[in-house]
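The values are calculated or read from the model by the stated rules, or taken from the named source; none is laboratory data. All of these numbers come straight from a predicted model, not from anything done at the bench. Backbone-built Cβ (ideal geometry, glycine too); neighbour counts: all protein chains shown.
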Amino acid sequence: MRTFLPALLVFFSVISLTAQNQNDGVIGGNFQVDVQSYTPDSLIGAQNVPEKLRSNAFLNLNYTKGNFSAGIRYESYLKEILGFSPNWGGKEGNAGIGYRYARYTNDDIDVTIGNFYEQFGNGMILRTYEERGLGLDNALDGVRTKLTMIKGLQITGVFGKQRSFFTVGPGIVRGIDGELLLEDFLKNFGDNVSILPEGWRLRFGGGVLSKYEQDLDPTLNLPENVLAYNTRMTFQAGGFALDAEYAYKINDPKTTNVNTYNPGRALYVNGSYSAPGLGINISLKSLDNMDYRSSRRSQLTDLVLNYLPAVTKQYTYRLLTLYPYATQPNGEIGVQADLLYTFPKGSFLGGKYGTSININYARVHSIDSSRNLNDSNAIEGNLYNTKFLQFGDRVFFDDFNVEIQKKWSKDFKTNFGFMRQYYLKELIEVLPGTGAIKTDVITSEFIYSMTSTQTIRLEIQHMAAEHRKIDAAGNDLDAEKDANGKTISPKLDNNNGSWIYALAEYTIAPQWFISVFNEYNYGNEDPNRRLNYLSGNIIYVKDALRLTIGYGRVRGGILCVGGVCRPVPASNGFSLSVSSTF
Amino acid sequence: MNSSKISLLLCVMFALILSSCDEIAPPYKQTGGVVVVKGTQKVLIEDFTGFRCGNCPAAAQIATDLYDAYKGKVIVLGIHSGATFASPRGKLYATDFRTTVGEELFATFLGLTGAQPNGMINRSGNNGKIIAPDGWAAQVAAELEKEAKASIDLTPKYDSLTQILTVDVQVKWLSAGGPDDHLAVYLSEDSVIYAQKDYRRPSKGLSEDDSNYVHMHMLRGAIGEFGTWGEQVASKAAGTSITKRYTLSFAGKPWRPKYCSVVGILHNKQEGSVIQVNDAKVK
């Protein structure tokens, strides 16, 4: 790998000198530089950062000529912005080429060598991806071949090692996946061969993945080859769609499942119906012991092989993001229903410009299992009993949300929302004793367009939070208070209690976006922490260039993308971000 | 290639991957016996711990299991460190077991994100030097596979009259030493009986505070004047050796010579990695 990198660099510099006309291929890419300054702020719990200024930077360069393409990504973490894994920057900062590939594609075959991202089905046995917001990049480094020589059937084979920061993990990953699109496949046997009515589509798929990792443990008999497979189907007829996937993994004792030898299982079913003005989506997910990694001893988001789809709504309003749900790969069962309805324009509720309503409900439980997640020593003989697809007693998360969007006139729009949530903090954030949090949040947003290019947007949100003590059986109890009325149980963190939030944003399209917002933790148990977190941003956009300058006091918390989460520490300082594509 | 050949190829590949699957039948735990390791490389487990850290005894048990499994090859240091778990609190946790050396190691290697229990295995590893306890076994095994680049001989002498410990340390380089080689010598003490939080106890109906916990391999400090990182012993040729003498006074200290060991660590200070380690009983 070390010798490969300089060779690629030379290759690119040669190409960039010669790539003046189309015959020589095309170079494209993008870059992003984020800089953050840190001011010590003991009130909000911001750490003292000795460097005072930190930066992450990325540059993607891609070269394409005919059927051939190649690319690199240069990354620097000098040092990593707080909240990213300290393994990115290491002790003294890190920079280098974290991703490089060469690829050849024609109608029949698609071969990639070097780094690649791949997903089998919904990703429950394999999904490698980059999520920069989370500092997650689990790309494979090796060979991938996709064959589409038979119409309607695509076969993907992968062989590789997985990226872990600036190195690769110890495991070797091998996999094969097939996907069959029935309608297209039948065309191999004649143009008029069909078994499904017009407009119906049926797709089947299945994949197998195995990872090898040497057993060096003198105390346990560990499986060196851990295999997982999935089967899946997607059915579509008119506005109706059904997507189902089942995955299975053999015994895979490791850090994150406390060396349990149980097999892993996962089922995901998603049904949806859409018609003009109406969208309904219902999903079910059940998981047991499905944390799958190319190294047994990796933790957090490092060297994760699979992705377990989230069945909870992903919010964007600030206060709704304070307690986001993180998927529990060791065991959970959840359901979600989502309804979107638009009242027709001109109707009583629709008014002149239309009204839409979105209702979402999600609930996640433990699975019915003899395993006590709070007591890692309770796993007797490294096995436990479990009833897959049966709801356990513990509620991890419950979330009801309704949002109404209405356009009142050509220039004025509002969006009102209400959310009621139950969040089992001690389990989701692995912080024993912190109990559960019940919240009610009201959100409101007002958008007024003054002219065709100038817009003012206001947001006001309120969160009422109640902290509950949870007993060993998962029962919800009243908080315990001492003689002075101070809560002693559950344990409270810096951000406890109720919040109010306000934002004002002024846009001069398409170039300027100016916003100021404040979060006020007025209900904090500790009067000294009833703090204002004031932030401001100025964004300038010109063609592909985007420049953001901000200043703010940022509360600590959790950031999640699709149920995959990382902690974000509190900070105070300036931020600067520049990005562009070319 | 026609489609029947392709199908055949795919079937073969599918079968190959399916066969790469190891289902393990009980018993899952390996029992008995000492793992015999051929080379002379030894391994240092530095366990960052604290008496108010309830998950730390389980980690100490892992270190002990490895110490037993690789008899004579593994050296353990229990480093009571950090403000969160090792600072004194109340009557039960009144004694401060933290040391200047331990705090310096903690600050250097665990830094801002100092969660405990956590440890280092010869201060090496693929993803940073800090390794969670259940990763120790694999890293210890990997380190033991390495070919030793040096050997360390320790000859401690304790004079009970003057209460002075003298240690003669001989380092012999088996392959050429680097410009940044340092020799650090520490004192550790076994069987210190003192309180420890232990989250394994409530499930047995006991209080989580164990007032008679036996602390093993407790780091007590550096021997000699060179502190945490030790003395520079730069660029020695293969086959050469040096001998150094270090002293430490036990006067006024609670340390019991009978339970104490000296630990010699040859390390690359810049990289922070341990080259070789050895120990010897004081008495």
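Residues in the range B:137-151 that are farther than 19 Å from residue A:168 by Cα and not aliphatic (A, V, I, L, M) were compared, and the one that is nearest to the other protein chains (Cβ to nearest Cβ) is B:145.
You will find that of A:171, A:190, the residue that is touching a residue at least 60 places away in the same chain (Cβ under 8 Å) and more than 10 Å from every other protein chain (Cβ to nearest Cβ) is A:171 and no other.
Candidates A:261, A:315: the one that is within 11 Å of chain B (Cβ to nearest Cβ), modelled with pLDDT under 95 and in a loop (DSSP other than H, G, I, E, B) is A:261.
Selection over the range A:148-168 of residues that are hydrophobic (A, V, I, L, M, F, W, C), farther than 30 Å from residue A:76 by Cα and buried (at least 16 other Cβ atoms within 10 Å of the Cβ) gives a count of 3.
Selection over the range A:117-135 of residues that are among the hydrophobic types (A, V, I, L, M, F, W, C) and within 14 Å of chain B (Cβ to nearest Cβ) gives a count of 3. Contact map, the range A:234-251: residues that are without any contact (Cβ under 8 Å) to a residue 12 or more places away in the chain paired with residues that are among the aromatic types (Phe, Trp, Tyr) and in a strand (DSSP E or B), Cβ distance under 7 Å, separation 6+ or inter-chain. No pairs are found. Taking (1) more than 30 Å from residue A:471 (Cα to Cα); (2) in a strand (DSSP E or B) in turn, residue A:363 satisfies each apart from (1).
From A:145, A:219, grab the single residue that is in contact (Cβ under 8 Å) with a residue 12 or more places away in the chain, surrounded by fewer than 19 Cβ atoms within 10 Å (Cβ to Cβ) and touching a strand residue (DSSP E or B) at 6+ places or on another chain (Cβ under 7 Å).
Values: A:219 fails: in contact (Cβ under 8 Å) with a residue 12 or more places away in the chain.
Residue meeting the stated conditions: A:145.
Please determine whether any residue of the range A:238-247 is in contact with a Leu (Cβ under 9 Å, 6 or more places away or on another chain), aliphatic (A, V, I, L, M) and more than 10 Å from every other protein chain (Cβ to nearest Cβ). The answer is yes, given that some residue of the range A:238-247 is in contact with a Leu (Cβ under 9 Å, 6 or more places away or on another chain), aliphatic (A, V, I, L, M) and more than 10 Å from every other protein chain (Cβ to nearest Cβ).
Tell me, yes or no, whether the range B:23-42 has at least one residue that is within 10 Å of chain A (Cβ to nearest Cβ), within 30 Å of residue A:180 (Cβ to Cβ) and modelled with pLDDT of 85 or more. Within the range B:23-42, one or more residues are within 10 Å of chain A (Cβ to nearest Cβ), within 30 Å of residue A:180 (Cβ to Cβ) and modelled with pLDDT of 85 or more.
Tell me, which helices (runs of 4 or more DSSP H) lie completely within the range B:1-111 with 3 or more residues that are surrounded by fewer than 20 Cβ atoms within 10 Å (Cβ to Cβ)? Give the derivation first.
Working: elements: B:3-19, B:56-69, B:83-86, B:100-105.
Helices (runs of 4 or more DSSP H) meeting the threshold: B:3-19, B:56-69, B:100-105.
Where strands (runs of 3 or more DSSP E) fall wholly inside the range A:176-253, the ranges with 2 or more residues that are under 30 Å from residue B:36 (Cα atoms) are A:200-212, A:225-237.
Could we say that residue A:155 is within 14 Å of chain B (Cβ to nearest Cβ), assigned to a loop (DSSP other than H, G, I, E, B) and under 27 Å from residue A:203 (Cβ atoms) here?
On the way: within 14 Å of chain B (Cβ to nearest Cβ): yes; assigned to a loop (DSSP other than H, G, I, E, B): no; under 27 Å from residue A:203 (Cβ atoms): yes.
So residue A:155 does not fit the description; no.
Among the conditions (1) more than 14 Å from chain B (Cβ to nearest Cβ); (2) modelled with pLDDT under 90; (3) over 30 Å from residue A:278 (Cβ atoms), residue A:183 misses just one, which is (3). Selection over the range A:248-268 of residues that are out of contact with any Leu (no Cβ under 7 Å at 6 or more places or on another chain) and on the phi > 0 side of the Ramachandran plot gives a count of 1. Among the residues of the range B:112-143, just one is hydroxyl-bearing (Ser, Thr, Tyr) and outside any helix (DSSP H, G or I), namely B:124.
Which of the following residues is assigned by TED's automatic domain parsing to the domain that holds residue A:456, closer than 25 Å to residue A:447 by Cα and at pLDDT 95 or above: A:501, A:522?
Numbers: A:522 fails: closer than 25 Å to residue A:447 by Cα.
After applying the criteria, what remains is A:501.
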